[in-house]
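Take a look at the structure below.
The values are calculated or read from the model by the stated rules, or taken from the named source; none is laboratory data. Note that the coordinates shown come from a computational prediction; the quantities given were computed from them, not determined experimentally. Cβ sites come from the backbone with ideal geometry, for glycine too, and all protein chains shown count toward neighbours.
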Amino acid sequence: MLGSTHGTLTMTPRSARVLACGGRTGGAVHSSAYGTSDVALDVSGRPLHAPVPDLDRFFHPEAVAVVGASDAESRPNAGITRQLLAWAQRVGARLHPVHPERREVFGLPCVPTVAALPEPVDVAVLLVADPLPVVEQLAGTKTRFAVVFASGFAETGEEGAAAQVRLAEAAARSGVRLLGPNTNLNAFEHFRDDLEGPAIALITQSGHQGRPLFALQELGIRLSHWAPTGNEADLETADFLSYFATLPEVGAVAAYVEGLKDGRGFLLAADRAARCGVPVVAVKVGRTEAGARTAASHTGKLTGADATVDAAMRQFGVIRVAGLDELQDTTALLARARPPRAEGVAVYAISGGTGAHFADLATAEGLRLPALSAAKQAELHQWIPADLSVANPVDSGGHPVGDWRGRKIIDALLADPDVGVLVCPITGPFPPMSDKLARDLVAAAEETDKLVCVVWGSPVGTEDAYRHTLLGSSRVATFRTFGNCVRAIRAYLDHHRFTRAYRSPFDEAPRTASPSLRKAEALLRPGHQLSEHAGKQLLRAYGIRVPREQLCTSAAGAVRAAAQVGYPVVMKASAPQLAHKSEYGLVRLGLTSASQVRDTYRELTEIARAEEIELDGVLVCQLVAPGVEMAVGITQDELFGPTVTVGLGGVLIEVLRDVAVRVPPFGEDQARAMLGELRGAALLEGVRGRPPADVDALVEVILRVQRMALELGRAGPGSGHGSGTGSGGGGLAELDINPLVVLERGQGAVALDALAVCR
């Protein structure tokens, strides 16, 4: 019983939500404290849980120090001090100015150093050019948080990055959590307290990029927090995301991300939000080389391979959008809309052209516009002329919206059990009918638990129907463009579908090594590429099927091997550094006799000798039946460590580049989702009379390769958060199974070739 006086823990709403989301309450913990005894690790050496930092006193402090405070109007610090003073008054905090040469600032007593503060402070705001000495002086003062505005750190290059490391180390020694450097005053803005409903919490690495979101308050949408993370020397996006996901008042989190400091930390934070059902919408820059270069110079962090970042966000339910306008619209909708009752979208317009245009965009975005039943259409034709289409989209012709019929039409559409979202695109105002239409939509939205969306297409935006009627309602989602509307609706439906089915992969991630690991480690040669034969032995150790084969060092041995393997056979040259055998003519298929095998052995060895390739032998392999050629592999990402890829294989893999990627850990559902993302997925279903392929076997291979990625790409002692370094400097840097022939359903999958590169 919550709040019981019989010795049971009394829980605040925040702590209850933390525990409901699988988290832990407690004091501030540095998120970089991996490897401590109380942090569970998976078999790769990465954490399975991240503590939720206690940021309550950062956003709601009792005492604040301003180091470098000033009231001299000629100084920039005067305006900042004034803003901080106003903020402290709003949150009920005591403010203490700190300045070595002033006795008071804005009428408040001023102390010369932080050591002279009259009480421990929750937040110390450092308005000094060189924050390092001040951070060092905070040791022993019991200060919880320090905010560093100064720039000139990692965003400027190697020297600045080294200075940032020294600053972070000083903060850790002082027991202070540090925001910044290169941050600003956004956390101390004036948030409106007259707005109701679930709020948006905002995280931005660039302060100006959050301005459009902050302005949503002027449209009646509540914001509760703003975390400007800057260079993230200590506190980072993941810390604030974990914290915001536990707050009962937060309906959604909006983020502008330039670079991620720690890939695993971000995924753990996104996992917490997914467990809590809190939507996360993000703009992540770095899609292009130019964008990545600019982001790195701004924040001094890795932007990450964009395809991997994109996949990782999608894997953990983070909704990635392209622009700030879309970030506004999507986050506002997700923060306030109730879960959908159905996934069907009904489009209601006063013009057939408007409805058709919106329907095209919605369908292209993957939304389902169900045809209304004959009975529902007959009902609508009570109020809409019979010559107009009401199948969906519904065309009213205009006049019914101006009288009592307008509300009847809206109510009838919302009553349809297959309709979960009603969209009314209004391309321009046409008073007084558009005023009446807006009022009817708002009134209906207040009485239904289904989502009602309006697109107000007027470029003016000063009309009463828009400014007061539509924006005055917290139950109507209002947009200015068709595109943002359809993408926000898709994100809304996707989010709720995702959270309903979500099971955290971290709960099921392996913590102990499999028996396969010891066999695999015996095959690895640090710093070398394995031969195909050794690579296949590596696969066999993890239960991945390979053809029958023997490695031969003489023509006579090859003939004996062919008899044992069974004709017809395949012969290939095998050498540790031989990646593309077919380019040298070192592969022969369909050999059916001893003489062919003997001659082929001599041909392959002569080619290798001419090309100065030192062979370890010639493989005589079983000829596997035709199937769908796929490729499954492991690559290393700077942020996320080992990743698993799957795509169409064979010789065209580098041309088609039809590949999907996931970051371990993940389950069978994500392995199947990878296949669904491929443009060539239809090949697995059977085309041109071919039988369906054994997709279950392919999924099993993907999961076994993931286990290899976790165990052989694991993080050793002293490794970075996101990097995957093998213990003792070994481990697997790269794996490429290509082709993996997926046979017809029920017959499995066979790895015909394997390229493995050791660390």
Residue among A375, A359, A346, A335 that alone is of a type in the set (A, V, I, L, M, F, W, C), within 18 Å of R405 (Cβ to Cβ) and modelled with pLDDT of 95 or more
A346
Determine if the stretch 320-330 includes at least one residue that is among the charged types (D, E, K, R) and either surrounded by fewer than 17 Cβ atoms within 10 Å (Cβ to Cβ) or free of Cβ contacts under 8 Å to residues at least 40 places away in the same chain (or both).
yes
For the stretch 259-270, pairs from a residue that is assigned by TED's automatic domain parsing to the domain that holds P228 to a residue that is assigned to a helix (DSSP H, G or I), with Cβ under 6 Å and 6 or more apart or across chains, are G259/A295; G259/T299; L260/F266; G265/A238; F266/A238; A269/A238; A269/L241; A269/S242
For the stretch 527-536, state whether one or more residues are over 24 Å from V699 (Cα atoms), at pLDDT below 95 and assigned to a strand (DSSP E or B).
yes
Could you name every one of the strands (runs of 3 or more DSSP E) located completely within the stretch 554-641 that has at least 3 residues being closer than 30 Å to V687 by Cα and among the β-branched types (V, I, T)?
628-637
Wholly enclosed strands (runs of 3 or more DSSP E) of the stretch 126-234 bearing at least 3 residues of a type outside the set (D, E, K, R) and within 30 Å of R467 (Cβ to Cβ):
199-204, 223-228
Mind listing whichever residues of the stretch 400-417 are surrounded by fewer than 17 Cβ atoms within 10 Å (Cβ to Cβ), charged (D, E, K, R) and not in a helix (DSSP H, G or I)?
D403
Determine if the stretch 413-428 includes at least one residue that is farther than 22 Å from A378 by Cα and either touching an Asp or Glu at 6+ places or on another chain (Cβ under 8 Å) or among the hydrophobic types (A, V, I, L, M, F, W, C) (or both).
yes
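Go through A233, A252 for me and flag whichever is of a type in the set (A, V, I, L, M), surrounded by 24 or more Cβ atoms within 10 Å (Cβ to Cβ) and under 19 Å from the mean Cα position of the chain (by Cα).
A252
Yes or no, residue by residue, for (1) in contact with a Cys (Cβ under 9 Å, 6 or more places away or on another chain); (2) within 16 Å of S473 (Cα to Cα):
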| residue | (1), (2) |
| --- | --- |
| A412 | no, no |
| I426 | no, no |
| L437 | yes, yes |
| D440 | no, yes |
| E446 | no, yes |
| V460 | no, no |
If I ask for residues that are free of Cβ contacts under 8 Å to residues at least 24 places away in the same chain, part of a loop (DSSP other than H, G, I, E, B) and surrounded by 14 or more Cβ atoms within 10 Å (Cβ to Cβ), which ones from the stretch 374-399 would you list?
V390, A391
From the option list P505, P515, single residue qualifying as of a type outside the set (S, T, N, Q) and more than 32 Å from the chain's Cα centre (by Cα) is P515
Can you name the number of the only condition in (1) surrounded by fewer than 16 Cβ atoms within 10 Å (Cβ to Cβ); (2) among the hydroxyl-bearing types (S, T, Y); (3) under 25 Å from A415 (Cβ atoms) that T462 fails?
(3)
Looking at the stretch 602-634 only, could you name the residues that are farther than 24 Å from L539 by Cα and in contact (Cβ under 8 Å) with a residue 24 or more places away in the chain?
R602, L604, T605, I607, A608, E611, I613
Looking only at the stretch 115-131, which residues are surrounded by fewer than 19 Cβ atoms within 10 Å (Cβ to Cβ), free of Cβ contacts under 8 Å to residues at least 60 places away in the same chain and hydrophobic (A, V, I, L, M, F, W, C)?
A115, A116, A129
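In the stretch 476-484, is there at least one residue being among the polar types (S, T, N, Q), crowded, with 22+ Cβ neighbours inside 10 Å and under 28 Å from the mean Cα position of the chain (by Cα)?
Of the residues in the stretch 476-484, the ones among the polar types (S, T, N, Q) are 478, 481, 484.
Cutting the leftovers down to crowded, with 22+ Cβ neighbours inside 10 Å gives us 478.
When the remaining residues are screened for being under 28 Å from the mean Cα position of the chain (by Cα), the result is 478.
Yes: one or more hits.
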Among the residues of the stretch 418-440, is any surrounded by 20 or more Cβ atoms within 10 Å (Cβ to Cβ), at pLDDT 95 or above, in a loop (DSSP other than H, G, I, E, B) and within 35 Å of the chain's Cα centre (by Cα)?
no
Selection count, the stretch 609-635, where residues are buried (at least 24 other Cβ atoms within 10 Å of the Cβ) and over 30 Å from A563 (Cβ atoms):
5
If you go through the stretch 343-358 one residue at a time, how many are in a helix (DSSP H, G or I) and over 34 Å from the mean Cα position of the chain (by Cα)?
3
Could you tell me which of the residues P109, P61, P76 is at pLDDT 85 or above, buried (at least 20 other Cβ atoms within 10 Å of the Cβ) and closer than 27 Å to V135 by Cβ?
P61
Any chance the stretch 580-588 includes a residue that's closer than 30 Å to S514 by Cα, among the hydroxyl-bearing types (S, T, Y) and touching a residue at least 60 places away in the same chain (Cβ under 8 Å)?
no
